[in-house]
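Step one of this worksheet: look at the structure below.
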Amino acid sequence: MEAVCRRATIEDVDTLYLLIEGYARKGIMLPRSRETLSRQIDTFVVAEVEQEIVGCGSLCRLGSELVEIRSLGMSDGYKGLGIGSKLVDRLIEEAKSQRIPKVMALTYEARFFQKNGFEIVDKDIFPEKVWTDCVNCPKQECCDEIAVLKILN
Ligand SMILES: CC(C)(COP(=O)(O)OP(=O)(O)OC[C@H]1O[C@@H](n2cnc3c(N)ncnc32)[C@H](O)[C@@H]1OP(=O)(O)O)[C@@H](O)C(=O)NCCC(=O)NCCS
C-alpha cells in the first residue's frame, strides 16, 4: 500500500476534525475544534492512500529548542503498515528545517515512538508543555501519558 505524506491544506480541515474527534472520543487524543484546526493547519501533515486521508500529525512549538508531536493518529485499517512512522519522519524533517533540536511527545504508544528513535524521559523536564495543552486536558491532575524525546543531530 503506497502512502504519501504531505502538508495539510485548509480543504483538509473537515476530514482532520473527524479523524481527531474519533480518537478524542476514545480518550487517546485531545479534541481540536474546526477553528483551531483552521488556524493551525500549517502545522499539520497528512498521510494519503489513493487520495484518501488515512492519518495525520502536527508539530507544536513549545519554545526555541523544543517541538511537540501532537494529534498523531492513523485510521482503523491503516495501522501497523509503517504509515505512522512515515508521518513521524516527516514531522522530524519539518523540525530540522526549522532548526529545532528537540522533538517530544506525550503518548500511550511509547513503544511505537521508541521504534522511531525516541527515548522515554521524565515529564517534569518539559515545563513549557504545562502552559499550552495541559490546561485544557480533562486528565490534568492525573496525567498517565508517557513522555518521549528525540534529540536531532
Ligand atoms: C500509534 C500510531 C500512530 C502508530 O502508527 P502505525 O502506522 O500504526 O505504526 P507503524 O506501522 O509505523 O509502526 C512502527 C513500529 O512501531 C510498532 N508499533 C506500532 N504501534 C505499536 C503499539 N501500539 N505498541 C507497540 N508497538 C507498536 C510497530 O510494530 C512497528 O514496528 P516494526 O517496525 O518492528 O514492525 C497508530 O497506531 C495510531 O493511530 N494509534 C492510535 C492513536 C494514538 O494513540 N496516537 C498516539 C498519540 S501521540
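Each residue in the stretch 97-129 was checked for being modelled with pLDDT under 95, of a type in the set (Phe, Trp, Tyr) and touching a Leu at 6+ places or on another chain (Cβ under 8 Å), and 1 of them qualify. What number of residues within the stretch 43-67 are part of a strand (DSSP E or B) and open to solvent by 40 Å² or more (accessible area, probe 1.4 Å)? Qualifying residue count for the region: 2. When Ile69, Ile20, Ile83, Ile28 are screened for being of a type in the set (Val, Ile, Thr) and more than 25 Å from Asp144 (Cα to Cα), only Ile83 passes. Kindly establish whether Lys123 is near the ligand (Cβ under 8 Å from one of its atoms) and over 24 Å from Tyr17 (Cα atoms). Answer is no for this residue.
Conditions tested, residue by residue: (1) more than 14 Å from the chain's Cα centre (by Cα); (2) surrounded by fewer than 18 Cβ atoms within 10 Å (Cβ to Cβ); (3) not basic (Lys, Arg).
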| site | (1), (2), (3) |
| --- | --- |
| Ile69 | no, no, yes |
| Asp76 | yes, yes, yes |
| Glu109 | no, yes, yes |
| Phe112 | no, no, yes |
| Cys134 | yes, yes, yes |
| Ala147 | no, no, yes |
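Within the stretch 89-96, can one find any residue that is modelled with pLDDT of 95 or more, away from the ligand (no atom under 16 Å from the Cβ) and among the aliphatic types (A, V, I, L, M)? No, every residue in the stretch 89-96 fails to be modelled with pLDDT of 95 or more, away from the ligand (no atom under 16 Å from the Cβ) and among the aliphatic types (A, V, I, L, M). You will find that of Asp89, Asp76, the residue that is in a helix (DSSP H, G or I) and not aromatic (Phe, Trp, Tyr) is Asp89 and no other. The set of residues from the stretch 1-32 being in a loop (DSSP other than H, G, I, E, B), without any contact (Cβ under 8 Å) to a residue 40 or more places away in the chain and either aromatic (Phe, Trp, Tyr) or surrounded by fewer than 12 Cβ atoms within 10 Å (Cβ to Cβ) (or both) comprises Thr9, Lys26, Gly27.
Do we have any residue at all in the stretch 90-98 that's more than 24 Å from Val49 (Cα to Cα) and of a type outside the set (Gly, Ala, Ser)? Taking every residue of the stretch 90-98 in turn, at least one turns out to be more than 24 Å from Val49 (Cα to Cα) and of a type outside the set (Gly, Ala, Ser). Starting from residues that are within 20 Å of Gly73 (Cβ to Cβ) and among the charged types (D, E, K, R), keep the ones in the stretch 114-132 and report whichever is most open to solvent (accessible area, probe 1.4 Å). Per the stated criteria, the residue is Lys115. Taking the criterion of being assigned to a loop (DSSP other than H, G, I, E, B) and out of contact with any strand residue (DSSP E or B) (no Cβ under 9 Å at 6 or more places or on another chain), the only residue of the stretch 92-111 that qualifies is Arg99.
The values are calculated or read from the model by the stated rules, or taken from the named source; none is laboratory data. Nothing here was measured: the structure is a model prediction, and the numbers come from that model. For neighbour counting, all protein chains shown are included, and Cβ atoms are generated from backbone atoms with ideal geometry for every residue, glycine included. The accessibility values were calculated without ligands, DNA or RNA, using every heavy atom of the protein model including side chains. Shrake-Rupley method; radii C 1.70, N 1.55, O 1.52, S 1.80 Å.
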